[in-house]
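Each remark here refers to the structure printed beneath this line.
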Amino acid sequence: MGIQGNLTRFIDELPPWVKLVAVTKTKSADVIKEALKTGYRIFGENKVQELVNKQSELPDDIEWHYIGHLQRNKVKLIAPFVSLIHGVDSLKLLVEINKQAKNNNRVVECLLQFHIATESTKFGLSCDDAKELLESDLYNSMQNIQINGIMGMATFTEDTKQVRSEFKLLKMYFEDLKKKYFSETDSFKEISMGMSDDYMIAIEEGSTMIRVGTRIFGKREIY
Ligand SMILES: *Cc1c(COP(=O)(O)O)cnc(C)c1O
């Protein structure tokens, strides 16, 4: 079927309110060039250097999403061009994003990452962490970031009931934060949840943004 066919077919089957972030980590710039022939423009990467390299050799109109764990000292490398940072999991990181966004005369859009999985290895905020962040003076003084919603990753398990309950929890967090902190704005609207193995459950549970790699581009070398 090829990359173009896979991508087109995948997008055609999504509900129109769900945005696809096509995850191209470990895939070459040539793979992305193939995908671009379909007209599609939204790609996700989880390593800063890989993202920077691809951005420099591919067209400027691509919407690049950073979906991995982001180290503060690397924010400056992606701040000039990144469209959405999915994994914001601390106030310190947000401070740095704000600073680098300001240096670039931009407002950088972000999602707060929540810890919903049972694995302790997955990054993310608790509900209390998020409240503390959103109520801080520091956060409320920032001019160059905008929080568009939240992101989470479910446990890696065959147990679809558990995955579903974790997505339900994330959706609840979203509604709670929206009511408490973002009732005056339309920009807090994204729930980034769902990957190749669980995106259908995520969509049923209210996802607005899915991050899918393997299902479209095939298996990766693990990393
Ligand atoms: C790799 C990755 C994905 C996509 O995973 P697939 O299983 O290949 O669809 C989604 N989100 C994050 C944060 C990732 O690192």
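Remarks
- Nearest-0.05 FRET efficiency for Asn53 and Ser196, computed from C-beta distance (R0 22 Å): 0.40
- Rg(Cα) / (2.2 N^0.38 Å) computed for the range 1-132, rounded to two decimals: 1.13
- Listed peptides 84-93, 121-130, 175-184 by packing density, highest first (mean Cβ within 10 Å): 84-93, 121-130, 175-184
- Taking one quarter of the surface of the convex hull spanned by the alpha-carbon atoms of the chain gives a direction-averaged projected area of 12.0 nm².
- Surface/4 estimate of mean projected area, convex hull on alpha-carbon atoms of the range 70-110, nm²: 2.4 nm²
- Rg and Dmax of the range 102-223, based on Cα coordinates, read 15.5, 45 Å.
- Paired Rg and Dmax values of the range 110-175, which use every Cα atom, in angstrom: 13.4, 43
- Whole-number percent relative contact order across the chain, with pairs defined as alpha carbons under 8 Å at least 6 apart: 19 percent
- Reference-scaled alpha-carbon Rg (2.2 N^0.38 Å with N residues) for the range 12-89: 1.09
- Contour excess over end-to-end distance, with Cα ends at Glu221 and Lys37 and 0.36 nm allotted per residue: 63.8 nm
- Applying a threshold of 26 Å to the alpha-carbon distances of Lys27/Lys178; Lys189/Lys219; Lys54/Lys74; Lys122/Lys189 flags Lys27/Lys178; Lys189/Lys219 as lying beyond it.
Bear in mind that the values in this text are calculations on the coordinates, not laboratory data. The shown structure was predicted, so the numbers you read here are calculated from the model rather than taken from an experiment. Counting neighbours? That spans all protein chains shown, and the Cβs are built from the backbone with ideal geometry, glycine included.
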